[in-house]
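One structure is given below, encoded as structure tokens.
Every read-out reported here was derived from the displayed coordinates using simple, explicitly stated rules and does not represent laboratory data. Model, not experiment: these values are computed from the prediction. Cβ coordinates were reconstructed from backbone atoms using ideal geometry, including for glycine residues, and neighbour counts include every protein chain displayed.
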Amino acid sequence: MKIFLPVDGSVAALTAVHHAVQLVRGGLKADFVLANVQEPPSFYEVVVMHDPAVLDQVRADAGADLLRAAEAMLDAAGLSYESEVAGGDPGHVLVDLLENYGCDAVVMGARGAGETSSPLGTVALALLHASPVPVTIVHPPRPSGPDA
């Protein structure tokens, strides 16, 4: 089985990676595809940068940086994976990537970085609607204790 793991560096995304590792520890035989999608550049970024190659490299570096923690988790567990950083609208690009890699399932966080107002983020909703394979949504642990 090949499991697709969208990663944006958020706690929810890393919780989903941890969940996928636990599935393998529970007996599931799986390989993984880690993916980060960088939003298209803003008009301001295009005007300021002037050089599309530099802008592409900045985005590739940012995406690779956001994948590092998830890669470290899979490395520590001794699991095989492929990683890709892509650019575009995350909802559409992630579906294209999971199809291109021949993934059998998606495990992802409920909300990405910066999304806090709803139980499911816009990218999670987009994948739920468009994915041709099953999608497992993983919520981060709820805080506990007197201040929760």
Around A105 (Cβ within 13 Å, Cβ-to-Cβ, excluding A105; K/R +1, D/E -1) the net charge comes to -1
Expected vector for the stretch 26-39, Karplus 3J(HN,Hα) from phi with 6.51, -1.76, 1.60 and θ = phi - 60°, integer Hz, x for Gly and Pro, equals x, x, 5, 9, 8, 10, 10, 10, 8, 9, 10, 10, 8, 4
Here, A77 and K29, labelled 7 Å along Cα→Cβ, have an inter-label distance in nm of 1.7
Once A62 and H139 are pulled to full extension, the length gained, defined as 0.36 nm per residue separation minus their Cα-Cα distance, is 25.3 nm
One finds, for V11 and D104 with R0 = 30 angstrom and r their Cβ-Cβ distance, a FRET efficiency to the nearest 0.05 of 0.70
Any residue on another chain or 5+ positions along whose placed amide H is under 5 Å from the amide H of S10 is listed here as A113
Sequence order, the stretch 81-93: Karplus ³J(HN,Hα) from phi using 6.51 cos²θ - 1.76 cosθ + 1.60, θ = phi - 60°, Hz rounded, Gly and Pro as x, gives 7, 10, 10, 8, 10, 10, x, x, 6, x, x, 7, 5
